[in-house]
Amino acid sequence: MSTKTETIEGTVAEYVTAVIGGQLFGLPISRVQDVFMPERLTRVPLSSAEIAGVLNLRGRIVTVVNMRARLGLPKNDDGKPPMAVGVDLRGESYGLLIDQIGEVLKLQDNGREENPVNLDPRMAMFAGGVHRLDGQLMVVLDVDRVLELAPKTTLAA
């Protein structure tokens, strides 16, 4: 399934939008499997703070990634339950924990820009470009980079 559609004006990409820490993000719709409210998260012992836990979603074990921790943002204190966006990478299921889900946007592919030089470095690591929308910047999440969860090496004392 492709996220790109040919139109008279050019190629159009579709994004599922999400808000994390007040910032608007777009995930390519072809990468999104489902959107759900995570319930009964089981913490994984000795995992990094970026791993919120695992859960059973319709018979699949899903690793849930805390996107606020992944982006180096503080914990959410607004009391609203988080949402999750289900994605797959190499046959493994993941849920990206977000603050709020938005709508599906169809945007001209030629409107996508490179990461601005002043984009927060924590976001730039996971950004695959940006779209300038009315009054805000939508950061396009590179799902593959977000899910590079290789453990950081530590030096033995």
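Under a Cβ-only charge scheme (Lys and Arg +1, Asp and Glu -1), can you give me the dipole magnitude of the chain about the Cα centre, in debye to the nearest 20?
So the dipole magnitude of the chain works out to roughly 600 debye.
How big is the Kirkwood radius of the range 56-157, worked out from every pair of different alpha carbons and given in Å to one decimal?
15.8
Of Met125, Met83, Leu27, which is farthest towards the positive pole of the chain's charge dipole, taken about the Cα centre with +1 and -1 on the beta-carbons of Lys, Arg and Asp, Glu respectively?
Met83
Of the listed peptides 78-84, 48-54, 14-20, what is their order by residue-averaged count of other C-beta atoms within 10 Å, with the highest listed first?
14-20, 48-54, 78-84
Hey, what number do you get for the chain at 222 nm if only DSSP H runs of n ≥ 4 count, each worth -39500 (n - 2.57), divided across all residues, to the nearest 500?
Rounded to the nearest 500, the figure is -1000 deg cm²/dmol.
Using the heavy atoms of the protein chains and a 1.4 angstrom probe, tell me the accessible area per residue for the range 1-122 in square angstrom.
Result: 60 Å² per residue.
The values are calculated or read from the model by the stated rules, or taken from the named source; none is laboratory data. Computed from a prediction, not measured in an experiment: that's the story for all the values here. When we count neighbours, we look across all protein chains shown, and the Cβ atoms used for this are built from the backbone with ideal geometry, even at glycine. Just the protein is used for accessible areas: all its heavy atoms, side chains included, with ligands, DNA and RNA removed. Shrake-Rupley method; radii C 1.70, N 1.55, O 1.52, S 1.80 Å.
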